[in-house]
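The values are calculated or read from the model by the stated rules, or taken from the named source; none is laboratory data. Just so you know, these numbers come straight off a predicted model, no measurement behind them. Methodologically, a virtual Cβ is constructed for each residue, glycine included, from the backbone with ideal geometry; neighbour enumeration extends over all protein chains shown.
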Amino acid sequence: MRTLLELDAVQARYGPVQALHDVSLTVGEGEVVAVLGANGAGKTTTLRAISGTVSRSGGIELDGKALKGGPEAAARAGIAHVPEGRGTFVELTVNENLRLGAYTRRDRAVKQDVERVSGYFPWIAERGGQRAGTLSGGEQQMLALARALMSRPRLLLLDEPSLGLAPMVVREFFRTVRDLNEREGLTVLVVEQDARVALSVSSRAYVLEVGRVALTGTSAELQDDEAVRRSYLGY
Amino acid sequence: MVVAAFADFMQQVVSGLAAGAVYALLALALVIIHRSTGVINFAQGEMALLSTYIAWALITHHDFAYWPAFVATLAISFAGGVATHRIVIRPVEGGSVLRIVIVTIGLLIAINGFVLWQWGGEPRALESPFGIDTYDIGGVVVTANDVGTIAVAFGIVLLLWALFQFTKIGLAIRAAAVNPHEARLVGVRVTWMLALGWGLAATLGAVAGMLTAPTVGLDPNMMQAVLIYAFAAAVLGGIDSPVGAVIGGLLLGLLLNMLSYLAQYEAFDWFSEELRLPMALLLILLVLLVKPSGLFGRPEVKRV
């Protein structure tokens, strides 16, 4: 498998606080990779380092090219980051959210893409004029995903999509992510507290502990190792 | 008798709408900046004043016809607004709101000083592009200037609405204003969008200034009262609501002219033109006390 994303000894800090110490990981093209770990382990910061929303050092390469600059540059390079806590423009309509998703694109196929994306979320077509803030939490999370797809991303970053959602909605969300991966070859790096659900969609996973990679393996291995599950994954 | 009273009333309605249209434009400028930068731009009136002087100078000293001067002034004002954000506002953005407010007050004083230094304090005449004709529509006499003012203001508001609603750049400006972090994640260059917002606000102000000058007369104090009316209009409509700013402006213009009209009756004979400005301030106070979010604003939710 071709390596799409490579992090080499990445460090990141919030002011004086160092949040990541030498995190290295890779994501292959068409792969779903999970980043797990406790609160404060640096999961969210890892995604922020990739999209350039936190000051970082070390090597970050997308498709062999170094990622530099802020989130605008990352978006242009093909990274769609769905941040923690939905990440929709609540004051704008569903359609406007989708149009913004396609902001970096210059081609004229945006309209067809709204249809393509609506195929995964049929309710979107009927509620295009509705303000995103009036959607339910689950729908907002779906919209955030739909908006990310509108950019035709090379790499999708998902930050804690299960947060605050009912278990059924979480399952539906991850089922959609898996569909997207299988049908369109979408590459995903997903950060999750809910290790069980994340391991069920991913092929490999990294477990972070206080800003370092504590262990890594295939999702099947991690799931089956009871000691790992108990000490790192909490189930 | 009744017919004459009705005609008089309608005339006041039309001229109230014309005045209100100007308040609406400047109020809209205030709202655009408040939405993106989070402050009231106290320099908005003086920026409009400077634009109007530029239009006047182009016509008087550089042989421009009115409409080419109008368009050139809009372009210059837009560039000036963008530059103001890049050079003066951006360095203090992200800090406390008070810092930005102080900078806009400094800008107010600086621009006013510049205008006085460059063009002096004596009143100048910027003629109405619509002429001095009056039309008699079924006994209601309306001036060409009022009709033209209303038409230009509505045209500009429509253009702006279309820009925000239908274009990619307009959507990006709105996105940058309501949620800058998210906007950056989808690739919007937020600081440039905020600068464009300042440019648009400066352009709206320029239109307001150029529409004000023919009736009020161009002098360095011209926009001070208009800015207060625009504050009142923006507060009445809801300081974060563009629709509110437009409706607030029109309502304020109508309200003040209704008072002028009613002053002929005994119950309102206390009202005279000097009370227009205090009435606007009273309105600001009332709205802030009774319904701080205004007619169209949403109650403030603290964004974290």
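Laid out as a table, the results:
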quantity: Pair list, Cβ < 6 Å and 6+ apart or interchain, from the stretch A:52-67 residues that are among the hydrophobic types (A, V, I, L, M, F, W, C) to residues that are assigned to a loop (DSSP other than H, G, I, E, B); calculated: A:60/A:67
quantity: Residue within the stretch A:83-96 that is within 27 Å of residue A:211 (Cβ to Cβ), of a type in the set (S, T, N, Q) and in contact with a strand residue (DSSP E or B) (Cβ under 7 Å, 6 or more places away or on another chain) present; calculated: no
quantity: Residues satisfying the stated conditions in the stretch A:178-198, i.e. touching a helix residue (DSSP H, G or I) at 6+ places or on another chain (Cβ under 6 Å) and farther than 30 Å from residue A:57 by Cβ; calculated: A:178, A:197
quantity: Subset of the stretch A:101-112 [away from chain B (no Cβ under 14 Å) and in a helix (DSSP H, G or I)]; calculated: A:112
quantity: Enumerated strands (runs of 3 or more DSSP E) restricted to the stretch A:160-224, each holding at least 3 residues that are in contact with a strand residue (DSSP E or B) (Cβ under 9 Å, 6 or more places away or on another chain) and surrounded by fewer than 21 Cβ atoms within 10 Å (Cβ to Cβ); calculated: A:212-218
quantity: Among the residues listed as A:198, A:166, the single one being touching a residue at least 24 places away in the same chain (Cβ under 8 Å) and more than 15 Å from residue A:32 (Cβ to Cβ); calculated: A:166
quantity: Looking only at the stretch A:60-84, and only at residues there that are surrounded by fewer than 17 Cβ atoms within 10 Å (Cβ to Cβ) and among the aliphatic types (A, V, I, L, M), the one that is nearest to the other protein chains (Cβ to nearest Cβ); calculated: A:73
quantity: Residues located in the stretch B:176-191, provided they are at the interface with chain A (Cβ under 7 Å from one of its Cβ atoms) and either under 19 Å from residue A:52 (Cα atoms) or of a type in the set (S, T, N, Q) (or both); calculated: B:179, B:182, B:184, B:185, B:186, B:187, B:188, B:189
quantity: Any hit, the stretch B:252-272, residues being free of Cβ contacts under 8 Å to residues at least 40 places away in the same chain, charged (D, E, K, R) and either in a loop (DSSP other than H, G, I, E, B) or within 30 Å of residue B:125 (Cβ to Cβ) (or both); calculated: yes
quantity: Verdict on residue B:114 being at pLDDT 95 or above, surrounded by 13 or more Cβ atoms within 10 Å (Cβ to Cβ) and over 17 Å from residue B:198 (Cβ atoms); calculated: yes
quantity: Single unsatisfied condition, residue A:133 versus (1) in a helix (DSSP H, G or I); (2) within 11 Å of chain B (Cβ to nearest Cβ); (3) surrounded by 16 or more Cβ atoms within 10 Å (Cβ to Cβ); (4) over 13 Å from the mean Cα position of the chain (by Cα); calculated: (3)
quantity: Scope the stretch B:126-139; condition more than 11 Å from residue B:11 (Cα to Cα), surrounded by 11 or more Cβ atoms within 10 Å (Cβ to Cβ) and not hydroxyl-bearing (Ser, Thr, Tyr); matching residues; calculated: B:126, B:127, B:129, B:130, B:131, B:133
quantity: Conditions (1) more than 8 Å from chain B (Cβ to nearest Cβ); (2) on the phi > 0 side of the Ramachandran plot: number failed by residue A:98; calculated: (2)
quantity: Condition met for residue B:150 (away from chain A (no Cβ under 14 Å) and either under 24 Å from residue B:83 (Cβ atoms) or in a helix (DSSP H, G or I) (or both)); calculated: yes
quantity: Output for the stretch B:55-75, where each listed residue is without any contact (Cβ under 8 Å) to a residue 40 or more places away in the chain and of a type in the set (A, V, I, L, M, F, W, C); calculated: B:58, B:64, B:65, B:69, B:71, B:72, B:75
